1. Before we move on, is C:Y348 surrounded by 24 or more Cβ atoms within 10 Å (Cβ to Cβ), more than 12 Å from every other protein chain (Cβ to nearest Cβ), of a type outside the set (A, V, I, L, M, F, W, C) and under 26 Å from C:L34 (Cβ atoms)?
2. Starting from the range A:170-184, keep only residues that are under 10 Å from A:A114 (Cα atoms), then list their pairs with residues that are part of a helix (DSSP H, G or I) and among the small types (G, A, S) whose Cβ atoms are within a distance under 6 Å, requiring at least 6 positions of separation or different chains.
3. So for the range C:218-233 (the condition being within 18 Å of C:V86 (Cβ to Cβ) and of a type outside the set (D, E)), does at least one residue qualify?
4. Looking at the range C:371-418 only, could you name the residues that are over 17 Å from C:V345 (Cβ atoms) and among the acidic types (D, E)?
5. Tell me, which strands (runs of 3 or more DSSP E) wholly within the range C:888-964 include 3 or more residues that are hydroxyl-bearing (S, T, Y)?
6. Exactly one condition in (1) hydrophobic (A, V, I, L, M, F, W, C); (2) facing chain C (nearest Cβ under 10 Å); (3) not in a strand (DSSP E or B) is false for A:A85; which is it?
7. Considering only the range C:567-597, how many residues are away from chain A (no Cβ under 12 Å), part of a helix (DSSP H, G or I) and of a type outside the set (S, T, N, Q)?
8. Which of the following residues is in contact with a strand residue (DSSP E or B) (Cβ under 7 Å, 6 or more places away or on another chain), in contact (Cβ under 8 Å) with a residue 12 or more places away in the chain, within 13 Å of another protein chain (Cβ to nearest Cβ) and not polar (S, T, N, Q): A:L107, A:L116?
Amino acid sequence: MADLSAREPCAGLGLPLTLGGCRLAALPVERITAIQPFPGKVAAVETVLRAQGLRFPAPGHSHEAGGARIVWAGRETAFLFGMAAPEGLSAHAALSDQSDGWAGLRLEGPDARAVLARLLPIDLRAGAFEPEACARAPLNHMQVLIRRAGEAAFDLFVYRSMAGTAVHELTDAMRAVAARQAAVR
Amino acid sequence: MRISCPCCGPRDRREFTYYGAADYLNRPALDADASAWDDYLHLRDNPAGETRDLWYHDPCGTWVAVTRDTVTHAVIAAEAVA
Amino acid sequence: MTHRIPGKGLIDRTRPLRFSFDGREFEGFQGDTLASALLANGVQLVGRSFKYHRPRGVLTAGSEEPNALVEVIEGKQKTPNVRATVQELYGGLTVQSQNRWPSLRFDVMAVNDRFAPFLSAGFYYKTFMWPRAFWEKVYEPAIRRAAGLGALSGLHDEGRYEKAFAFCDVLVIGAGPTGLMAALVAGRAGADVILADEDARMGGRLLSDQPEVAGQSGPDWAADMLAELAAMPNVRLMTRTTVTGVYDGGTFGALQRVGLHLADPGDLPRECFWRIVAKRAVLATGALERPIAHPDNDRPGVMLASAVQSYVARYGVNPGRVVVFGNNDSALQAARDLTAQGVQVAGYVDPRADVSVLEEFPVYPGGQVVGTRGRLGLREVAVRHGGGVSMLTAETLALSGGWNPSLHLTCHLGGRPDWDERLAAFVPRAGMVAGMSVAGAARGRFSTAACLADGAALAAEVLADMGIAGHDMPLPAAEDRSYAIAPFWAVDAGGRAWLDFANDVTTKDVQQAAQEGFSSVEHMKRYTTQGMAPDQGKSSNVAALAVLADATGQGISATGTTTFRPPYTPVSIAAMGAGGRGMGFAPERLLTSDSQTRAMGAPMIEAGLWYRPSYFPRAGEATWREACDREVSMVRTAVGVCDVSTLGKIDVQGPDADRFLDLIYTNMMSSIKPGRTRYGLMLREDGHVMDDGTCARLGEAHFLITTTTAAAGPVMRHMDFVHQAFCGDWAVRFTSVTEQWAQFALAGPKARELVNKLLETPVDAENFPFMACGPARILGVEGRLFRISFSGEMGYEIAVPARFGAAVFERLVAEAEAMGGGAYGMEALNVLRIEKGFITHAEIHGRVTAFDIGMQGMVSAKKDCIGKSASQRPGLMGPEREQLVGLVPVDPQAELSAGAHLYNENDPATRVNNQGYVTSAGYSPTLQSWLALGFLRDGRARHGQIIRLDDGLRGRKVACKVVHPVFHDPEGGKLRG
């Protein structure tokens, strides 16, 4: 039987693109598993995760180990990126595959924070949103998962079906911020 | 107005969906009489002062019971319902 | 530039700029406002007043300007009501005056001024009462034409607007001496500071009065401080930014002018609306000077004294000979400063008898200005004094009735200010806005030294309050003159004396309001329109209520002030709605099959945020109906393919998942066997239907439920509530997987043949019966298979990870077409489900119960569920309810329409006769007839009756037979296949 061709969520959206001091790119598609520990099972989940060098993240936190990342993604929920759910986890937590549900975007550059300030109503100042911090928040009218991936780099995950709108909104904000920077110079 | 989500910290109230009075937390038993259900579903106080109501933080999925003052608009407390 | 003082001002004389006003070309300099540039060219007349079309000039040098409103022209676009005192000059700026015809100098409507006795306060309530029908058709349009402000272009606004969010420890509002000091103290201590000022250049009165600070000139000192602030990474300077509103929780609205001062803004937005969240705020908005009401005080050339100082010192404008009329020490100082700048002061007029006469200009103690002359600009000022009335020749009359602290923002959360007798002004009370400190002139401390000290002191207080250690900062030396004032509001000399220039309100109007009983300040305001123009009475409200207090005999304190509400200055709707146009209005959710669907020529329709195909036109089909009929027949006779990924999919797992679903759904879900699917109904707690869908048990403790497209979000919120509020300790977790899976419905007698072309392991009626579900390998990919149908035909739904959605759709359509079928869209889907009597949110619209749709049997008697108790209360089930029925027209070709109402055959179409309404309608090619679903009073008992469908909008009356809502295959043989 013929194998099916896979399509990436941001295919055809003109990424990567650079405008002013900001670059927007699609993140590589990775395995994403939602982990939702059952009541009273966070410790058991931690025990399983510890073998991978991971913990169950507190709200607003994420961390990396051995090529995998675990990111708080909502109430009693974390997303595990970049590896299969470890053996034994399903006894203590609901697991669901989310690899295809999200479009991952990276916005980086000196103007990244200014661009995001046009779209997200949350405090992204360096001291308030430290590296590896994450949040669920609206990007204009879309709910996103945002994570600080570096000094001036942010990863954004939007529902796959909204990738086009998200790129449009970000590009619009990037253009306006770039114009401001040009006006200052 | 800003509400402090127990998960996410202070956020603009536009991120929240309002439901109604915290009375909704006290669901009567199935066989409770009609007046108990009427009270639960439809009868509300309208205090000038402290009130407690339910807000949903859409981004993270947490239901929050918010104690606030309808006169001063002060938010006195915000706690997860579970 | 005939009226420029050589060498003076903060304008850049090396950068001349051409601009035009009413078609005439002028020249100004970089750093000018439109107002200063016009004055520098000797243009005093800039507009016509709102009601009487009186000639008007520039009154102020700030955002409070009531008179100098103009239209800025950019190509075909027109921005009306731009304040000339705020609009910065740029090369090519094109401006025209407004509210005049045919020209500014000769305005036909100025005849209104002659009829002024008939046009006083409330005239339209009294004058245009008869005949009644004339109000809407004649009087109101005529009044609206005659009175008013600028006009819009009528074109779509193509400008770019922006919104943005900011957070800080300390928001300092206003960058005069007070604000600069506050920002410096907070910035040096390391706090995150935003310093916002509405001017293009920060410094406030330091730029206009130019007092010496720390041995430097005001502008130089300000520039040094700003350079220091600009170098601090923790300080953000926001020029051209007006903080317009204060909201709960330390939230502020601010409007920033971004591209409005540039000839070519490029990609820059015109404006940006900021929402700033600050832990603390220091309000350092200074004070606004107010004029004095005297006869003909609205003549072009009459200005506030502080404005004259600004135009001279900051913009180098020569005001000609100036008469200063004031009742306070700041007015006298203005006369001295103007003299020191080389301006000829023709007289200083002060109603106070004891004012010093030892000045370099003539002083008229105990004097009052009783009139002005000059047709389109000031030529003479009539001064009444001890020796009689003198006519003083002057081109400018500078007024100062004292200063009002700019405390507007302190009142936005409902606070009320206090009347200060000593200052003759309202001053803020402590604690009007939690977390906001008011400093400097905004709380009545008017000298430069007092402002500097107060800004520093309050910033130190704010820092201490936040636990941030501050540094001691020596205060720079500056003037510390006292301020004395003798309240004086209006000259009693006959003739009309203006209070509110923008809305043409005179002292007589206010007195008349009081006489006619509108003696409360809020009533007076609405009766006279005092303070209701774009400037919101910034320079006139206090004088107006003083005149009211005088007329009623109450004191000003007892009279009180009107309520200050946001915005402080006008905010364009476009700025507030920035980001909400086009795609920003709502996200576009696209299916994985979107590209191919559009390539097939399908018109798309919106379903919630999703875009779904309406139908797939084929060659030779002229109308959507032809395509729809063909697609329906295709499904009934062969096989159709439809992307149904938009349905909400929620993954529910855990040992208590079955219990939880029993609580959420009316029917029993705990008894479903793994590998089986069940239809489910959800109620709201008030007993009405919330949503319906399927519940598939994928494993012992693993369910997948579907919601309707539109209800996906609300159902998730509802489930979160039920779980968190009632059973948070149950071991159940759920999450949306809507976007993870691309899901396609295969429907029709050949559906099994089609699905088997994709499956690694073929299915048949026995190994995968009706309502089965389970994992399946689909073209080499792990997916899921469901034996469910929304069409009434044999149906399968296959789900694959979304990345494969496009490829699977393409393959399915190709295979289906080869089998005499193909893709079908929403139109066909709708007809198919109507034929089968399946409901959508057209039926479960929020006001129907399980009983109404004939599903009361699905409310399990064996268990509790959300909405069960209320669903059984009296009134929610019984013959009085409107119940779901099918409708078939007696003439099968008679068109039916949703939204029509139902009446007994001979009843007139009135509300009391209403028997029900139609929720869905469509033409069934299968039954060769129009069909409809609707709700009919006691409908289930009325099958077989004839009822009249009456569509008043379309003028349609159709006799219909009431039938069971399942029109097609009522036994369900095809469905089970």
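The values are calculated or read from the model by the stated rules, or taken from the named source; none is laboratory data. Only a predicted model underlies this, so the values are computations on that prediction, with no experimental measurement involved. Don't worry about glycine lacking a Cβ; one is built from the backbone with ideal geometry, like all the others, and counts go over all protein chains shown.
1. Numbers: surrounded by 24 or more Cβ atoms within 10 Å (Cβ to Cβ): yes; more than 12 Å from every other protein chain (Cβ to nearest Cβ): yes; of a type outside the set (A, V, I, L, M, F, W, C): yes; under 26 Å from C:L34 (Cβ atoms): no.
In short, no.
2. Short answer, once both residue conditions are applied: A:V177/A:A114.
3. First, the residues of the range C:218-233 that are within 18 Å of C:V86 (Cβ to Cβ): none.
Looking through the range C:218-233, none of the residues is within 18 Å of C:V86 (Cβ to Cβ) and of a type outside the set (D, E).
4. C:D418
5. On the way: elements: C:901-904, C:916-924, C:929-937, C:946-951, C:956-963.
Answer list for the range C:888-964: C:916-924.
6. (2)
7. Residues meeting the conditions: 4.
8. Values: A:L107 fails: within 13 Å of another protein chain (Cβ to nearest Cβ).
Among A:L107, A:L116, only A:L116 is in contact with a strand residue (DSSP E or B) (Cβ under 7 Å, 6 or more places away or on another chain), in contact (Cβ under 8 Å) with a residue 12 or more places away in the chain, within 13 Å of another protein chain (Cβ to nearest Cβ) and not polar (S, T, N, Q).
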